[in-house]
Amino acid sequence: MSSYSNQAPFDASLMVYFRERIDKDLVNKINQKIVKYFTENSQEEESEKKTNQVK
């Protein structure tokens, strides 16, 4: 979306459709990937900060 709108981007019933079809194993896999992604990026940022402080 290019700008704010007071209208919902989709009908609420669409969320029910997806929620009924996504099992807990898939949600757990997604959560693990998110945590891994942010953990790795956080470590890279800390390493870059230390490198920049040494210079």
| field | Inter-residue pairs, beta-carbon under 9 Å, first in contact (Cβ under 8 Å) with a residue 12 or more places away in the chain and of a type outside the set (A, V, I, L, M) and in the range 32-43, second surrounded by 10 or more Cβ atoms within 10 Å (Cβ to Cβ) and assigned to a helix (DSSP H, G or I), 6+ apart | value | none
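This table checks each residue for (1) charged (D, E, K, R); (2) touching a Pro at 6+ places or on another chain (Cβ under 6 Å); (3) modelled with pLDDT of 90 or more; (4) on the phi < 0 side of the Ramachandran plot.
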residue: 8; (1), (2), (3), (4): no, no, no, yes
residue: 15; (1), (2), (3), (4): no, no, no, yes
residue: 30; (1), (2), (3), (4): no, no, yes, yes
residue: 35; (1), (2), (3), (4): no, no, yes, yes
residue: 44; (1), (2), (3), (4): yes, no, no, yes
| query | Got at least one residue in the range 2-14 being surrounded by 10 or more Cβ atoms within 10 Å (Cβ to Cβ) and not aromatic (Phe, Trp, Tyr)? | reply | yes
| Does residue 42 fit the bill of being assigned to a helix (DSSP H, G or I) and of a type in the set (Ser, Thr, Tyr)? | yes
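The values are calculated or read from the model by the stated rules, or taken from the named source; none is laboratory data. Fair warning: this is a prediction, and the values are worked out from it, not measured in the lab. Reconstructed Cβ throughout: ideal geometry from the backbone, glycine too, with neighbour counts over all protein chains shown.
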